[in-house]
Amino acid sequence: MKSSAYLPSFLSLVLILCFSSNALAQNELKELKQKQKLQKKLDKIYKDKVQSLEKGGYTVYASTKTMGEALYDHDKKIESGLYEPQIFVDQRDCFSANSCYRKSSNDAATSYASRTNAYVRGEIYRELRDSRTGLGKEQVQEAVDKFGEIFKTEVSANVSNQLELSYALISEKKGNVNMQLYFLVLKEEAKAARKQALTAAMSQYSQAATEANLNWMQSISDFVDDVPSEDSPN
């Protein structure tokens, strides 16, 4: 009698499991179809670029993504508005992928620092041109150049740990490794790195600067709040 009493509950459990399994299968099928649909769309959007890269022997490095997926995900990050303009590094004739990557990380930080320094220097020149500092043209040039070198070094050091490798492409030919790497950095993290760099640079520069040379420095702190554009001169 007891086994008969438990039978409806057992059948209900079996039915629930069957429905659950069917629902999971349906979801997996739906996700697969969506992925296939997205892949077709990506293949169409990035067809020319993918073909050009593949013709050059490039594949996606250290990722299960297709090239179209990597390009798409990278573009979506940029479109999100959370990141600063991309930092592209083209490495040639490396001994290995690891050596390429290590060098590219340093190069990306240096590239970003040069971009930022170029922007800030331009703003400083405009500020000094439109104000009375008591400095002659050569003194202005010397002051800005000296400060700029210190600032660039500090930016590179501070932003290096904030860089994110969005994706990388690799091509290996006759023992040589070529890589194309795309780095991103979040705006808020980059801004914090620039401010830290500015504080350090101002401290170092002020130790050897005259009072006249320090006057213009009070007006540049706002410049580091702005995002330097990708095409800022290096």
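The values are calculated or read from the model by the stated rules, or taken from the named source; none is laboratory data. These numbers were taken from a predicted model, which means no experiment stands behind them. Every residue, glycine as well, gets a Cβ built from its backbone with ideal geometry; the counts of neighbours run over all protein chains shown.
Can you find a residue that is at pLDDT 90 or above and either out of contact with any strand residue (DSSP E or B) (no Cβ under 8 Å at 6 or more places or on another chain) or surrounded by 15 or more Cβ atoms within 10 Å (Cβ to Cβ) (or both) anywhere in the stretch 123-130?
Kept after step one, since they are at pLDDT 90 or above, are these residues of the stretch 123-130: none.
No, every residue in the stretch 123-130 fails to be at pLDDT 90 or above and either out of contact with any strand residue (DSSP E or B) (no Cβ under 8 Å at 6 or more places or on another chain) or surrounded by 15 or more Cβ atoms within 10 Å (Cβ to Cβ) (or both).
What are the residues in the stretch 49-67 that are among the small types (G, A, S) and within 18 Å of the chain's Cα centre (by Cα), if any?
To start, the set of residues in the stretch 49-67 that are among the small types (G, A, S) comprises 52, 56-57, 62-63.
Within the stretch 49-67, A62, S63 meet the criteria.
Out of all the residues in the stretch 70-111, which are of a type in the set (D, E) and either within 21 Å of E172 (Cα to Cα) or buried (at least 19 other Cβ atoms within 10 Å of the Cβ) (or both)? Walk me through how you get there before you give the answer.
At the first step, the residues of the stretch 70-111 found to be of a type in the set (D, E) are 73, 75, 79, 84, 90, 93, 107.
Those that are of a type in the set (D, E) and either within 21 Å of E172 (Cα to Cα) or buried (at least 19 other Cβ atoms within 10 Å of the Cβ) (or both): E84, D90, D93, D107.
Considering only residues that are among the aromatic types (F, W, Y) and within 9 Å of Y167 (Cα to Cα), which ones fall in the stretch 51-73?
Keep residues of the stretch 51-73 that are among the aromatic types (F, W, Y), which gives 58, 61, 72.
The one that is among the aromatic types (F, W, Y) and within 9 Å of Y167 (Cα to Cα): Y61.
Based on this model, can you work out whether K174 counts as out of contact with any helix residue (DSSP H, G or I) (no Cβ under 6 Å at 6 or more places or on another chain) and free of Cβ contacts under 8 Å to residues at least 40 places away in the same chain? Even if it seems obvious, please write down each step before you answer.
Working: out of contact with any helix residue (DSSP H, G or I) (no Cβ under 6 Å at 6 or more places or on another chain): yes; free of Cβ contacts under 8 Å to residues at least 40 places away in the same chain: yes.
So K174 passes the test.
Quick check on the stretch 179-199: of everything there that is part of a strand (DSSP E or B) and not aromatic (F, W, Y), which residue is nearest to the chain's Cα centre (by Cα)? Walk me through how you get there before you give the answer.
Taking the stretch 179-199 and keeping what is part of a strand (DSSP E or B), we get 179-184, 186.
Right, trim to not aromatic (F, W, Y) and you get 179-181, 184, 186.
On the way: M179: 16, Q180: 13, L181: 10, L184: 0, L186: 7 Å.
Taking the candidates together, the pick is L184.
Out of all the residues in the stretch 94-106, is one or more charged (D, E, K, R) and closer than 24 Å to E188 by Cβ? It would help to see each step written out before you state the result.
In the first step, residues of the stretch 94-106 are kept if they are charged (D, E, K, R); the result is 102-103.
Restricting the remaining residues to those that are closer than 24 Å to E188 by Cβ gives none.
No: the stretch 94-106 contains no residue that is charged (D, E, K, R) and closer than 24 Å to E188 by Cβ.
Residues being under 13 Å from F183 (Cα atoms) and in contact with a Ser or Thr (Cβ under 9 Å, 6 or more places away or on another chain): count how many of those fall in the stretch 43-72. Before you say what the answer is, go through the steps one by one.
Residues of the stretch 43-72 that are under 13 Å from F183 (Cα atoms), as a first pass: 70-71.
Adding the requirement that they be in contact with a Ser or Thr (Cβ under 9 Å, 6 or more places away or on another chain) leaves 70.
Selection size over the stretch 43-72: 1.
Within the stretch 98-119, identify whether any single residue is aliphatic (A, V, I, L, M) and either under 16 Å from N176 (Cα atoms) or touching a Gly at 6+ places or on another chain (Cβ under 7 Å) (or both), and answer yes or no.
The initial filter retains those residues of the stretch 98-119 that are aliphatic (A, V, I, L, M), namely 108-109, 113, 118.
Next, from what is left, pick out any that are either under 16 Å from N176 (Cα atoms) or touching a Gly at 6+ places or on another chain (Cβ under 7 Å) (or both): none.
Scanning the stretch 98-119, I find no residue that is aliphatic (A, V, I, L, M) and either under 16 Å from N176 (Cα atoms) or touching a Gly at 6+ places or on another chain (Cβ under 7 Å) (or both), so the answer is no.
Go through the stretch 68-119 and count every residue that is of a type in the set (D, E, K, R) and under 12 Å from the mean Cα position of the chain (by Cα). Don't jump to the end; show me each part of the working.
So the first thing to find is which residues in the stretch 68-119 are of a type in the set (D, E, K, R), and the list is 69, 73, 75-77, 79, 84, 90, 92-93, 102-103, 107, 115.
Next, only the ones that are under 12 Å from the mean Cα position of the chain (by Cα) stay: 75, 77, 84.
So the count comes out to 3.
Just the residues that are buried (at least 16 other Cβ atoms within 10 Å of the Cβ) and β-branched (V, I, T), please, taken from the stretch 168-209.
Result: I170, V177, V185.
Checking N234 against (1) at pLDDT below 75; (2) closer than 30 Å to G57 by Cβ; (3) under 16 Å from the mean Cα position of the chain (by Cα), which single condition isn't satisfied?
Tallying (1) at pLDDT below 75; (2) closer than 30 Å to G57 by Cβ; (3) under 16 Å from the mean Cα position of the chain (by Cα), N234 fails exactly one: (3).
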